[in-house]
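The values are calculated or read from the model by the stated rules, or taken from the named source; none is laboratory data. As the structure is a computational prediction, the values presented were derived from the model and not from experiment. Here the Cβ is made from the backbone with ideal geometry for all residues, glycine too, and neighbour counts use every protein chain on show.
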Amino acid sequence: MHRAIILAGGNIGNVALRFEEAERLLAERGVEVIRRSQNYESRAWGFESEMLFVNAVWEVKTELEAEELLDMLQEVENLLGRNRIEEQKIKAESGERYCSRTLDLDILFYDEEHISTERLSVPHPLIMEREFVITPLCELLECNRMQLAEKIEKIYV
């Protein structure tokens, strides 16, 4: 059985309710959320938006391999209204790398593995640059920023 840490986020619609629905859909597919942080609000990162983001981190257990888990997360995002094609159009028009979204599920950690493929980088390479990740992650892992940085460095070595 594998353990992963997932970052959940979104800023369109009732994100907290969407998180609950995502957890239910994951459980139906054999991915169990065993611990979760509280939900945190933050401003958009990497682009301008008047809508605040809601973010949380979940610890999950699964029998899926990392890229299979990624596929499952993207399936759940799509089921709950994420439209990547529309997002690409918005980003192309604005020239921004990011845009508002209904739901985004990212793998931050997968066991203690270092993964670097075309589709997946674990630990997520921007963890320490994003306060909206650090705050809920430190809550879940019961650590401070320095301990988190040490954990990430340990995985990369």
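Going by the conditions given, is Val133 touching a Ser or Thr at 6+ places or on another chain (Cβ under 8 Å), buried (at least 16 other Cβ atoms within 10 Å of the Cβ) and closer than 12 Å to Ile5 by Cβ?
Taking the combined requirement at face value, the residue does not satisfy it.
Just checking, how many residues over segment 79-106 are assigned to a helix (DSSP H, G or I), under 22 Å from Ala44 (Cα atoms) and either at pLDDT 95 or above or among the charged types (D, E, K, R) (or both)?
Here the count works out to 6.
From the list Glu77, Glu96, pick out the single residue that is among the acidic types (Asp, Glu) and within 12 Å of the chain's Cα centre (by Cα).
It is Glu77.
I'd like the residue in segment 3-35 that is touching a Lys or Arg at 6+ places or on another chain (Cβ under 9 Å) and among the small types (Gly, Ala, Ser) and, out of all such residues, is surrounded by the most Cβ atoms within 10 Å (Cβ to Cβ).
Checking each candidate, the answer is Ala8.
Being under 16 Å from Leu73 (Cβ atoms) and not charged (D, E, K, R) is the filter here, so list the residues in segment 103-122 that pass it.
Leu103, Leu105, Ile107, Leu108, Phe109, Tyr110, Ile115, Thr117, Leu120, Ser121, Val122 - these are the residues of segment 103-122 that are under 16 Å from Leu73 (Cβ atoms) and not charged (D, E, K, R).
Could you list, in sequence order, all residues of segment 107-157 that are among the polar types (S, T, N, Q) and part of a helix (DSSP H, G or I)?
Within segment 107-157, Thr135, Gln147 qualify.
Trp58 versus (1) in contact (Cβ under 8 Å) with a residue 40 or more places away in the chain; (2) touching a helix residue (DSSP H, G or I) at 6+ places or on another chain (Cβ under 8 Å); (3) not in a strand (DSSP E or B): which is the lone unmet condition?
That leaves (3) as the condition not met.
State the number of residues belonging to segment 43-63 that are surrounded by 14 or more Cβ atoms within 10 Å (Cβ to Cβ) and in contact with a Gly (Cβ under 9 Å, 6 or more places away or on another chain).
5
For Met146, are the conditions met, namely being loosely packed, with under 14 Cβ neighbours inside 10 Å and of a type in the set (A, V, I, L, M, F, W, C)? First the steps, then the outcome.
Details: loosely packed, with under 14 Cβ neighbours inside 10 Å: yes; of a type in the set (A, V, I, L, M, F, W, C): yes.
Yes; evaluated as a whole, the condition is true for this residue.
Within segment 64-94, work out how many residues are β-branched (Val, Ile, Thr) and either in contact with a helix residue (DSSP H, G or I) (Cβ under 9 Å, 6 or more places away or on another chain) or surrounded by 13 or more Cβ atoms within 10 Å (Cβ to Cβ) (or both).
Summing the residues that are β-branched (Val, Ile, Thr) and either in contact with a helix residue (DSSP H, G or I) (Cβ under 9 Å, 6 or more places away or on another chain) or surrounded by 13 or more Cβ atoms within 10 Å (Cβ to Cβ) (or both) in segment 64-94 gives 2.
Answer with yes or no whether Ile6 is in a strand (DSSP E or B), out of contact with any helix residue (DSSP H, G or I) (no Cβ under 8 Å at 6 or more places or on another chain), under 27 Å from His114 (Cα atoms) and hydrophobic (A, V, I, L, M, F, W, C). Walk me through how you get there before you give the answer.
Values: in a strand (DSSP E or B): yes; out of contact with any helix residue (DSSP H, G or I) (no Cβ under 8 Å at 6 or more places or on another chain): no; under 27 Å from His114 (Cα atoms): yes; hydrophobic (A, V, I, L, M, F, W, C): yes.
Considered against the rule, which asks whether it is in a strand (DSSP E or B), out of contact with any helix residue (DSSP H, G or I) (no Cβ under 8 Å at 6 or more places or on another chain), under 27 Å from His114 (Cα atoms) and hydrophobic (A, V, I, L, M, F, W, C), Ile6 comes out as no.
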